[in-house]
Amino acid sequence: MKPVVVIGAGPYGLSTAAHLKGRGVTVRVFGTPLSNWTDTMPARMVLKSTPSASTISAPHPGHTIQDFCDAVGEPRLVTERDLVTLDFFVRYGRWFQERLVPEVERVQVVSVDRGAGEFRLKLDSGEELAASAVVVASGLSGFAHVPSLLRGVTPDGPSATGPVSHSSQHTDFARFADREVLVVGAGQSALESAALLHEAGASVRVVARRAGAVGFGAPPRDGLQWKPDSPVGRAWSLYAFSNVPGPAAFRYLPEQSRLWLVRKVLGPRGAWWLKERVAGRVPVLQGRVLTGARVDDAGRVVLSTSGPGGRAGQLAADHVVAATGYRVDLGALGFLSPELRARLTRSGGSPWLDQGFQASVPGLYFTGLPSAATFGPLMRFVCGTSFASPRVAEAVRAAA
């Protein structure tokens, strides 16, 4: 019997695989567990999500963050004031994987194509195999967005050692001690990168395009709350997007409304606990639209800007970090054959999915960030596994 293949071993890949196994489906999982978290995020990072929003969905009880704390003898993380560090989450994710998906194969998928009633895959180990279905759960890989104006400064592409990088290219900011750095962006990634750079000894400034764009969430309040709680925050809108039937109903909205909501809901904003590490410590320049970028003779990056009232200006630094988020681009998924990608119906840059997360190519499923354009902003967060994984697994099992 041909297996179902899951590409990716992050939270969505592991969760999907666990739910497939729980339904008796033969599955092979390819990837390095939690590699996006260990290879593209700074070691001292703290997750913006609360403990309740950071649990990976499993097919049966006993695998929550609180269960992990009990298993390793650490204090439980329960309240909104309990911070989930990157180190903690990676340890939790590996514990989840070892218990539920120990057979993860640490090889990479090189190519996927569709044949007569099956998928043909090639691995970097040299193995070739057939699969009855393929679930793409490759996380953020390939989706890092750097504005074209900044990309033009780096002919060889953004890199941690070049003049311009993306925030996902740093696991340690120590190399920037005593150097000047500009961070372009206004959200959590930009503000936390700036805080970590400052704490590493860099002279750092944040550059935000919109005036008033930089802000921080309110700290948790004690006592009765009039706004309903959700895995991603307290608000009526967030509750609607996060709870059944919210994500299922989201796909019936007009396409432009869906794409706008995915961009705007839970848009750029720093976590409440980050404010004291940024305010009064890191200069924030708002309302500065980038109009040009170049590297001068001394090797410094010079950004031309248009400020409030159209006032022109320049900013120079040794390095620029583009903390400008991620954009789904199916062209970046090079392991999917050009023929397969050409057959995919799209919504924006993302695949359009049916209610079981299946794309327009039968047997090909997408979960995690690429599914947000269909099911809403919940799919950008770990807690989205609780909605996505059971549905993907049930759809795959039903089609078998």
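The values are calculated or read from the model by the stated rules, or taken from the named source; none is laboratory data. It should be emphasised that the depicted structure is a prediction, and the values quoted were computed from it without experimental measurement. Note that we place each Cβ from the backbone using ideal geometry, even for glycine, and neighbour counts take in every protein chain shown. The accessibility values were calculated without ligands, DNA or RNA, using every heavy atom of the protein model including side chains. Shrake-Rupley method; radii C 1.70, N 1.55, O 1.52, S 1.80 Å.
V289 meets all of the listed conditions (1) modelled with pLDDT under 85; (2) open to solvent by 40 Å² or more (accessible area, probe 1.4 Å) but one, namely (1). Selection of segment 69-117 for residues being modelled with pLDDT of 95 or more and within 25 Å of L344 (Cβ to Cβ) yields V107, Q108, V109, V110, S111, V112, D113. Total residues in segment 86-141 satisfying the condition of being of a type in the set (S, T, N, Q), within 24 Å of the chain's Cα centre (by Cα) and not in a strand (DSSP E or B): the figure is 4.
Of the residues contained in segment 32-43, none is found to be surrounded by fewer than 23 Cβ atoms within 10 Å (Cβ to Cβ) and either basic (K, R) or in contact with a Cys (Cβ under 6 Å, 6 or more places away or on another chain) (or both). Of the residues making up segment 260-272, those that are crowded, with 17+ Cβ neighbours inside 10 Å and modelled with pLDDT of 85 or more number 2. Being among the polar types (S, T, N, Q), under 24 Å from L369 (Cβ atoms), in contact with a Leu (Cβ under 9 Å, 6 or more places away or on another chain) and open to solvent by 40 Å² or more (accessible area, probe 1.4 Å) is the requirement here; does S148 meet it? Considered against the rule, which asks whether it is among the polar types (S, T, N, Q), under 24 Å from L369 (Cβ atoms), in contact with a Leu (Cβ under 9 Å, 6 or more places away or on another chain) and open to solvent by 40 Å² or more (accessible area, probe 1.4 Å), S148 comes out as no.
Check L340 against each of (1) in contact with an Asp or Glu (Cβ under 8 Å, 6 or more places away or on another chain); (2) within 30 Å of L303 (Cα to Cα); (3) open to solvent by less than 10 Å² (accessible area, probe 1.4 Å) and name the one condition it does not meet. With (1) in contact with an Asp or Glu (Cβ under 8 Å, 6 or more places away or on another chain); (2) within 30 Å of L303 (Cα to Cα); (3) open to solvent by less than 10 Å² (accessible area, probe 1.4 Å) applied to L340, the lone miss is (2). Of the strands (runs of 3 or more DSSP E) lying entirely inside segment 299-400, those containing at least 1 residues that are farther than 29 Å from S257 by Cα are 301-306, 312-317, 319-322. When P377, P370, P351 are checked against the criterion of being open to solvent by less than 10 Å² (accessible area, probe 1.4 Å) and either free of Cβ contacts under 8 Å to residues at least 24 places away in the same chain or among the basic types (K, R) (or both), a single residue qualifies: P351.
One line per residue, one yes/no per condition, for (1) over 24 Å from L47 (Cβ atoms); (2) out of contact with any strand residue (DSSP E or B) (no Cβ under 8 Å at 6 or more places or on another chain); (3) at pLDDT 95 or above:
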{"site": "F173", "(1), (2), (3)": "no, yes, yes"}
{"site": "A186", "(1), (2), (3)": "no, no, no"}
{"site": "L197", "(1), (2), (3)": "no, no, yes"}
{"site": "A200", "(1), (2), (3)": "no, yes, yes"}
{"site": "S203", "(1), (2), (3)": "yes, no, yes"}
{"site": "R210", "(1), (2), (3)": "yes, yes, no"}
{"site": "F216", "(1), (2), (3)": "no, no, no"}
{"site": "P228", "(1), (2), (3)": "no, yes, no"}
{"site": "P231", "(1), (2), (3)": "no, yes, no"}
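Among the residues here, E80 does not qualify as of a type in the set (D, E, K, R) and open to solvent by less than 50 Å² (accessible area, probe 1.4 Å). Scanning segment 244-256 for residues that are at pLDDT 85 or above and either assigned to a helix (DSSP H, G or I) or within 18 Å of the chain's Cα centre (by Cα) (or both) gives E255, Q256.
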